[in-house]
1. Let's test this: bin the Cα-Cα distances of region 10-56 at 10 Å from zero up to the farthest pair and state each bin's percent.
2. Under 20 Å from a label point 7 Å along Cα→Cβ of residue 295: give me every residue in region 77-96 with its amide N that close.
3. Quick one: helix 246-259 against the long Cα principal axis of the chain, what's the angle to the nearest 10°, folded into 0 to 90?
4. Taking the chain as a Gaussian network, Cα atoms linked when under 10 Å apart, which of 213, 145, 172 shows the biggest mean-square fluctuation?
5. Name the residue from 41, 6, 78 whose Cα lies farthest towards the positive end of the charge dipole of region 1-108, charges +1 on Cβ of Lys and Arg and -1 on Cβ of Asp and Glu.
6. Is there a quick way to get the dipole size of the chain? I mean about its Cα centre, with the Cβ of Lys and Arg at +1 and of Asp and Glu at -1; what is the value in debye to the nearest 20?
7. Check the straight Cα-Cα distances from residue 93 and name the lysines below 21 Å, setting aside those fewer than 8 residues away within the same chain.
8. So what is the calculated 222 nm ellipticity per residue for the chain, using -39500 (n - 2.57) for each DSSP H run with n of 4 or more, over all residues, to the nearest 500 deg cm²/dmol?
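Just so it is clear, none of the values below were taken in a lab; they were calculated from the coordinates. What you see is a predicted model, and the numbers here were worked out from it, not measured in a lab. FYI the Cβ positions are ideal-geometry reconstructions off the backbone, even for glycines, and counts take in every protein chain you see.
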Amino acid sequence: MFIKRLPKFEYHAPASLPEALELLSRWGEKAKVFAGGTDLLVSMKKREVLPNHLINLKGISELKGISDEKEGLKIGPLVTLEEIERSKTVKEKYSILWEAVSVMASPQVRTLGTIGGNLSSAVPSADTAPPLIALGASVSLKGIQGERKVQVGDFFRGPGESVLKPDEILTQILIPKPSDGSGGTYLKMMRRNALDLALVGVAVFLRLDLDKQLCREARIALGAVAPTPIRAPMAEEILLGKKVDEVLAGEAGKAASGVCRPISDVRASLEYRCHMVEVLTKRAVMGAYNTIRQRG
């Protein structure tokens, strides 16, 4: 059997972030950083990406760890999907992200794949993007010239493209601490029940008033239905200031379906994806609403 081997490259294993940034600055677009390598190494075997230099970030301790702090949850880009799945803090306080990670890939891949890699690959169907957008998360990007923060919703430019510059490294994901009376859910449509890419991904975050009757804040993010993960602002507007019920959730679903721009491919047609955006948005809105109400 023919096995595709990796093309030749020079391997680097920096022990610190400044060392990694210096290497990136030196080699520029000829270099790629990696940690789990679940996307990059496959692309290299397919000869889709041919870097001359590979920079392994696994030895940089400051890019690891999950920290629950006053301003919110800080996640290092080298944190694996399995670590997020096993985190009690993520499951209890940031359940949208936990729900997304728990239906990603296989257990074996989740032990290798990192949240930073999942975002940086900028794949439209990446499961971590919609929940992070719905949660109002931001990322820190660092280069030799300095550091900048970007909202996750502004991070993506197109399939496989982000605002990350060739000499920058994603160094942190920050999720603001959720307000009281808030909650959300993530729903994913797949051809199989597991180990599959999303045909449609919908993340909904809601915040209700003190009486848990009216919707005071709403963020709805969609994945796999446009060149990048997107918000559905018209659907969000429908919910604001109103009591959430099945009828209102259905209206929000129709509005969300109107903003999606999917493609037709071997996995699903454009029409089917748009229809499922409507269905899943309605279910996710009601799921988020009921979750908040049940917390008492």
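1. 28, 55, 16, 0
2. The answer is 85-96, whose backbone nitrogens lie closer than 20 Å to the label point.
3. 40
4. Comparing 213, 145, 172 in the GNM, the peak value goes to 145.
5. Checking the options against the dipole of region 1-108, the answer is 6.
6. 540
7. Residue 93 reaches 64, 70, 74, 177, 188, 212.
8. -9500 deg cm²/dmol
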